[in-house]
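Novice: Here it is: the structure, laid out below.
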Amino acid sequence: MEKYVNIMLDKAFKTVFGEKQVAIDFINATLEGERQVKDLTYLDKEIQPEVIEQRTVIFDLLCEDADGSKFVLEMQNCPQHYFFNRGFYYICRLVSRQGESGADWKYSLLPVYGIYLLNFSLPEFQSWRTDVV
């Protein structure tokens, strides 16, 4: 019998990081020196397509802090060679949803953070901030 929970399993990941204080502590540790989150609100994990040709996006966990910044927490256990593009697409969908109609919009966009726990390496991430454990 295992002594610890394997958070690389989908149910365990969502259960552990579904606890608000655990998610806050994890985000703060990951973004140490960049930003500190004091409170989070969990959002609907599903984003419907804006047009019929788009795909529905389903996040593992999607959170928002007090200033409206978004945090995507994703875990991927099995290698996916297209994960870089998938993660980038997820972030882009959240950014594009910030658009407002009308002439008064100043294109002020709030930050969107993608924190991905992968059980494999991707060469595309070599120039990005990565922490390998």
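The values are calculated or read from the model by the stated rules, or taken from the named source; none is laboratory data. Computed from a predicted structure; not experimentally measured. Backbone-built Cβ (ideal geometry, glycine too); neighbour counts: all protein chains shown.
Novice: When you scan the range 89-96, do you find a residue that is assigned to a strand (DSSP E or B) and touching a strand residue (DSSP E or B) at 6+ places or on another chain (Cβ under 7 Å), even just one?
Specialist: No, the conditions are met nowhere in the range 89-96.
Novice: On to the next question. Only one residue in ASP44, ASP67 is of a type outside the set (Lys, Arg), assigned to a loop (DSSP other than H, G, I, E, B) and within 14 Å of the chain's Cα centre (by Cα). Which one?
Specialist: Result of the check over ASP44, ASP67: ASP44.
Novice: Give the residue that is modelled with the highest pLDDT, with candidates limited to residues of the range 1-38 that are part of a loop (DSSP other than H, G, I, E, B) and of a type in the set (Asp, Glu).
Specialist: By that ranking, first place goes to GLU19.
Novice: Only one residue in PHE120, PHE71 is among the aromatic types (Phe, Trp, Tyr), exposed (fewer than 13 other Cβ atoms within 10 Å of the Cβ), in contact (Cβ under 8 Å) with a residue 40 or more places away in the chain and at negative phi. Which one?
Specialist: PHE120
Novice: What are the residue pairs meeting all of these: first residue in the range 39-57, first residue more than 14 Å from ILE91 (Cα to Cα) and in contact (Cβ under 8 Å) with a residue 40 or more places away in the chain, second residue aliphatic (A, V, I, L, M) and not in a loop (DSSP other than H, G, I, E, B), Cβ atoms under 7 Å, and 6 or more apart or on different chains?
Specialist: none
Novice: On to the next question. Are any of the residues in the range 39-49 surrounded by 11 or more Cβ atoms within 10 Å (Cβ to Cβ), of a type in the set (D, E, K, R) and either farther than 19 Å from VAL16 by Cβ or at pLDDT below 90 (or both)?
Specialist: Among the residues of the range 39-49, not one is surrounded by 11 or more Cβ atoms within 10 Å (Cβ to Cβ), of a type in the set (D, E, K, R) and either farther than 19 Å from VAL16 by Cβ or at pLDDT below 90 (or both), which makes the answer no.
Novice: Determine whether TYR116 is hydroxyl-bearing (Ser, Thr, Tyr), closer than 22 Å to ASP10 by Cα and either in a strand (DSSP E or B) or touching a His at 6+ places or on another chain (Cβ under 7 Å) (or both).
Specialist: Here the answer is yes, as TYR116 does meet what is asked.
Novice: Starting from residues that are acidic (Asp, Glu) and closer than 16 Å to LYS70 by Cα, keep the ones in the range 3-38 and report whichever is surrounded by the fewest Cβ atoms within 10 Å (Cβ to Cβ).
Specialist: GLU34
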